[in-house]
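Here the structure comes first, spelled out in structure tokens, and everything after it is commentary.
The values are calculated or read from the model by the stated rules, or taken from the named source; none is laboratory data. Just so it is clear, the model here is predicted, and its values are computed rather than measured. Ideal geometry is used to build each Cβ from the backbone, glycine not excepted, and the neighbour counts take in all protein chains shown.
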Amino acid sequence: MTRALLNRSGRRGAPTVLPRSGSYVTDGHRLFRVVSQFGFAGDHVVASLEDCLTLDVRAYSPDELHAMGLRAVRTDR
């Protein structure tokens, strides 16, 4: 059973876990590179992910990331 990568704390939408920048995550269908961990865009907390197929970079809210059911991709270095 796969555990969701992003869990929530007591505060609504508060991020608790996301791999460091440069790491990879997947929702089981798409592969993403973590461009930036959580930061602020205006009044909103966001993380930026790059879709590895299209190379589009998009900011996601903690709620969006949670709904995606992301999990870390293991890479051997």
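The residue of the stretch 3-21 that is modelled with the lowest pLDDT, among those that are exposed (fewer than 10 other Cβ atoms within 10 Å of the Cβ) and farther than 16 Å from Pro62 by Cβ, is Arg3.
Considering the stretch 52-62, and only residues there that are within 18 Å of Tyr24 (Cβ to Cβ) and in contact with a strand residue (DSSP E or B) (Cβ under 9 Å, 6 or more places away or on another chain), the residue that is surrounded by the most Cβ atoms within 10 Å (Cβ to Cβ) turns out to be Tyr60. Cβ-Cβ distances below 8 Å connect the following pairs, each with a first residue in the stretch 54-76 that is over 13 Å from Phe38 (Cβ atoms) and in contact (Cβ under 8 Å) with a residue 12 or more places away in the chain, a second residue that is outside any loop (DSSP other than H, G, I, E, B) and of a type in the set (S, T, N, Q), and a separation of six or more residues or different chains: Val57/Ser48; Leu70/Thr26; Arg71/Thr26; Val73/Thr26. When Leu49, Leu65 are checked against the criterion of being touching a helix residue (DSSP H, G or I) at 6+ places or on another chain (Cβ under 9 Å), of a type in the set (A, V, I, L, M), modelled with pLDDT of 85 or more and surrounded by 11 or more Cβ atoms within 10 Å (Cβ to Cβ), Leu49 stands alone in meeting it.
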